[in-house]
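Working notes, structure below.
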Amino acid sequence: MNKIYFAHETAIIDENSSIGSGTKIWHFSHIMSNCKLGNNCNIGQNVVVSPEVILGNNVKVQNNVSIYTGVTCDNDVFLGPSCVFTNVLNPRSAVNRKESYLKTHVGVGASIGANATIVCGHDIGKFAFVGAGAVVTKTIPDYALVVGNPAKQLGWVSEFGHRLHFSAAGVAICQESKQEYQIENNIVTRIK
């Protein structure tokens, strides 16, 4: 049977993992048991995908990323180089907390910048943008732009990743796509 995905000869793929058509897994990466990777994903070099992680279609995982058990990513998520997810709030080497893993969900189209850390139990909204080096310690709303340690919201971004500047009527237009967005009660939605 022919593989429907590509895996570099140095990649390790454990049994019982599901890997979608067109997905590429590069040098020294480890896909652990019971993972589900969607179609057309790109898993960079030296990436670890721990047991039971779920990645949607077209997820781009750059080099040196750690995705631990409890993480799910929707379609079109971008994980920048060396970003990391945690799954225990108070880890101790001598205390086994495998039954206490907290979940983190990354919404469709979200981007997480290089060297960012996502503390477990905090979801990332759809099309949110987490800046490089940010440390996420709370849930991030849809379309939010966050930076810093701890991550703080600077504003809002479009589905194309551009800053949105809302009029007095609460409407903004993406400079690249010309898509229109509305803000109401601190919630952003795309209207066109």
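The values are calculated or read from the model by the stated rules, or taken from the named source; none is laboratory data. Keep in mind that this is a model prediction, so the values were computed, not measured. Here the Cβ positions follow ideal geometry from the backbone for every residue, glycine too, while neighbour counts run over all protein chains shown.
One residue is enough: does the stretch 60-70 have a residue meeting the conditions touching a Ser or Thr at 6+ places or on another chain (Cβ under 6 Å), without any contact (Cβ under 8 Å) to a residue 24 or more places away in the chain and of a type in the set (D, E, K, R)? So far as the stretch 60-70 goes, no, none of its residues is touching a Ser or Thr at 6+ places or on another chain (Cβ under 6 Å), without any contact (Cβ under 8 Å) to a residue 24 or more places away in the chain and of a type in the set (D, E, K, R).
Set side by side, the residues K138, K152, K126 differ, and just one is of a type in the set (D, E, K, R) and without any contact (Cβ under 8 Å) to a residue 12 or more places away in the chain, which is K152. Please determine whether any residue of the stretch 175-187 is touching a residue at least 40 places away in the same chain (Cβ under 8 Å) and either surrounded by fewer than 19 Cβ atoms within 10 Å (Cβ to Cβ) or β-branched (V, I, T) (or both). Within the stretch 175-187, one or more residues are touching a residue at least 40 places away in the same chain (Cβ under 8 Å) and either surrounded by fewer than 19 Cβ atoms within 10 Å (Cβ to Cβ) or β-branched (V, I, T) (or both). Is it the case, given these coordinates, that A172 is among the aliphatic types (A, V, I, L, M), touching a Phe, Trp or Tyr at 6+ places or on another chain (Cβ under 6 Å) and free of Cβ contacts under 8 Å to residues at least 24 places away in the same chain? Judged against the criteria, A172 is a match. Here Y143 does not qualify as within 16 Å of S50 (Cβ to Cβ), at pLDDT 95 or above and of a type outside the set (V, I, T).
Looking at V135, V157, just one residue is among the β-branched types (V, I, T), under 22 Å from L102 (Cα atoms) and modelled with pLDDT of 95 or more, and that residue is V135. Contact annotation: residue pairs with Cβ atoms under 6 Å, 6 or more positions apart or on different chains, pairing a residue in the stretch 23-52 that is within 19 Å of T104 (Cα to Cα) with a partner that is surrounded by fewer than 21 Cβ atoms within 10 Å (Cβ to Cβ) and of a type in the set (A, V, I, L, M), are I31/I13; K36/I54; S50/M32; P51/M32. Return a yes/no flag: does the stretch 132-139 have any residue that is crowded, with 19+ Cβ neighbours inside 10 Å, of a type outside the set (S, T, N, Q) and closer than 25 Å to P51 by Cβ. Looking through the stretch 132-139, at least one residue is crowded, with 19+ Cβ neighbours inside 10 Å, of a type outside the set (S, T, N, Q) and closer than 25 Å to P51 by Cβ. Remark: pairs (first residue in the stretch 71-83, at positive phi; second residue modelled with pLDDT of 95 or more and of a type in the set (K, R); Cβ separation under 9 Å; 6+ apart in sequence or on different chains) = D76/K60. Residues of the stretch 164-171 include none that is under 19 Å from S82 (Cβ atoms) and buried (at least 19 other Cβ atoms within 10 Å of the Cβ).
Quick check on my filter: what residues within the stretch 8-27 are closer than 17 Å to K60 by Cα and in a loop (DSSP other than H, G, I, E, B)?
H8, A11, G20, S21, G22, T23, W26, H27, listed by residue number.
When I54, I112 are checked against the criterion of being aliphatic (A, V, I, L, M) and touching a Phe, Trp or Tyr at 6+ places or on another chain (Cβ under 9 Å), I112 stands alone in meeting it.
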